[in-house]
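Beneath this line is the structure, given in structure tokens, with notes to follow.
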Amino acid sequence: MNKTLRVEIITPEGKLFAGQVRMVIARATTGEMGVLPGHAPLITLLESRPVRLLTGEGEQQLMVQGGVMKVNPELVTIITGS
């Protein structure tokens with residue numbers, strides 16, 4: 001199994017982030033969730049909170065103003081207003 005997954009965070013202005021991460025932690029409307037490589041497919045609404053991206057170099061936090069997160073086993077796509 002792959003140890004990373006690709007993440008793309010897209011705003012109306014363009015891509016805010018695109019790269020490989022070990023884990024995504026985001027606040028969905030149903031609560032906080034973590035996504036690891038191989039996660040089951042799902043689509044969820046996000047709250048306006050920072051998305052935490054765990055990489056090989058540490059943690060990066062990017063603020064999103066709500067949006068939608070689509071999860072596939074090797075790709076997470078977040079579409080947000082900011």
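Quick note: the coordinates plus some simple rules give every number you see, no bench work behind them. Note that the coordinates shown come from a computational prediction; the quantities given were computed from them, not determined experimentally. Cβ coordinates were reconstructed from backbone atoms using ideal geometry, including for glycine residues, and neighbour counts include every protein chain displayed.
When only alpha carbons are used to place a centre, segment 68-82 and segment 1-62 end up 7 Å from one another. Based on Cα contacts under 8 Å between residues 6+ apart, the chain shows a relative contact order of 32 percent.
Overall, the chain carries a charge dipole of about 100 debye about its Cα centre when +1 sits on the Cβ of Lys and Arg and -1 on the Cβ of Asp and Glu, all other atoms neutral. Residues in segment 14-19 carry Karplus couplings, in order, of x, 7, 7, 8, 8, x Hz; the curve used is 6.51 cos²θ - 1.76 cosθ + 1.60 with θ = phi - 60°, and Gly or Pro positions show x.
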